[in-house]
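Asks: Take this structure, written in structure tokens, and hold onto it; I'll ask about it next.
Every number here is computed from the coordinates shown, using simple stated rules; none is lab data. If you're wondering where the values come from, they're calculated on a predicted model, not measured in any experiment. Here Cβ is always computed from backbone atoms with ideal geometry, including for glycine, and neighbour counts include all displayed protein chains.
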Amino acid sequence: MRRGGPTVTSGTIAPASTGRPAFARAEHRPYHRGTMEPPLHVALEVARTRTFAVAVDWPGLTRGGRDEDAALDALVRAGPRYAAALAVTGVPFQPPGDRGGLAVVDRLAGTAGTEFGAPSVHLPGDDEPLAAEELERHAAILRAGWAAFEAVAALYAGDELRKGPRGGGRDLPKIAEHVRGADEAYLVKLGSRPPKDPAGPAPLEELHAAALAALQARALGLPVPNASRAVSLWTPRWYVRYATWHWLDHAWEIEDRALPPGAPPGAPPGT
């Protein structure tokens with residue numbers, strides 16, 4: 001399902017009766033703020049067996065868990081990794097030190113895609129236009145996701161990855177093939193066709209350049225170069241959120257599954 005992207009839906013559900021504090025929602029809309037000061041605003045995408053915590057103002061910072069608490073804890077743990085990825089862009093990000101640095105502003109009904117393991121629900125603000133400054137910031141974050149994956153893939157090239165349910169046991173070349181193929185599908189949903197090369201797949205740099213050109217065109221209301229025939233297009237905000245999440249998710253998967261030299265494939269994490 002990840003290759004072609006999720007079936008995207010939207011919708012808000014009432015807070016669960018769990019004894020937790022009520023969720024603050026209305027006062028935090030519109031979603032996309034003029035300031036990125038703490039606390040980190042989070043939307044929860046909730047399904048029966050899987051929940052995603054989505055950092056509303058930070059595309060790609062989305063983590064899942066078996067329930068809301070697990071997803072929020074995973075989001076906090078991912079904060080330093082996300083900050084490290086963004087460090088090369090000049091976009092400042094201060095990761096929350098604990099759950100106290102989060103503010104849950106919405107709960108959204110998940111879908112079968114959520115259950116499968118991919119964030120699949122539009123935030124209510126994802127159809128808002130991207131102004132020039134926001135477009136530059138989103139493009140920088142998207143490039144950071146690409147760069148993070150490429151750096152990790154280069155660092156662990158040729159290394160064994162720990163076998164297990166996460167990633168389905170794919171080795172690194174298969175993961176790289178997967179994220180590239182998915183990115184081609186996402187580009188079609190953004191409104192452009194992937195570039196072609198007579199000798200085989202076009203270089204990844206050309207695919208990324210096409211994505212940035214399509215993102216800019218969609219954000220500015222211009223004709224999309226090499227337009228695709230997709231009928232139902234992703235919004236620019238959703239495209240950046242989902243594509244960045246996908247690249248970072250697999251970069252962090254490789255880091256988590258990488259085995260030290262000489263360790264057996266079944267060795268537990270930390271070996």
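Asks: By per-residue mean of other Cβ atoms within 10 Å, what is the highest-first order of 195-201, 101-107? If you can, show how the numbers build up before the last one.
Replies: On the way: 195-201: 10.1, 101-107: 19.6.
Ranking, from highest mean packing down: 101-107, 195-201.
Asks: Hey, another quick one. Compute the distance from the alpha-carbon center of region 168-245 to that of region 64-103, in whole Å.
Replies: Result: 26 Å between the Cα centres.
Asks: Checking the cross-link filter: which lysines have an alpha carbon closer than 21 Å to that of Lys163, excluding same-chain neighbours under 8 positions apart?
Replies: Candidates past the 8-residue exclusion: Lys174.
Asks: Return the sequence-ordered ³J(HN,Hα) values of region 90-96 in whole Hz as given by the Karplus equation 6.51 cos²θ - 1.76 cosθ + 1.60 applied to θ = phi - 60°, using x for Gly and Pro.
Replies: Per-residue couplings from phi come out as x, 7, x, 9, 9, x, x Hz.
Asks: How do 184-191, 112-119 rank on mean C-beta neighbours within 10 Å, highest first?
Replies: Working: 184-191: 20.8, 112-119: 18.5.
Put in order of decreasing packing, that is 184-191, 112-119.
Asks: Next question, about the same structure. With all pairs of different alpha carbon atoms counted, what Kirkwood hydrodynamic radius in Å does region 26-116 show? Kindly include the intermediate steps, with their values, before the conclusion.
Replies: On the way: mean 1/r = 0.0748 Å⁻¹.
Answer for region 26-116: a Kirkwood hydrodynamic radius of 13.4 Å.
Asks: Among Glu255, Glu45, which comes first, second and so on when ranked by fewest other beta-carbon atoms within 10 Å?
Replies: Details: Glu255 14, Glu45 28.
Fewest-to-most ranking of Glu255, Glu45: Glu255, Glu45.
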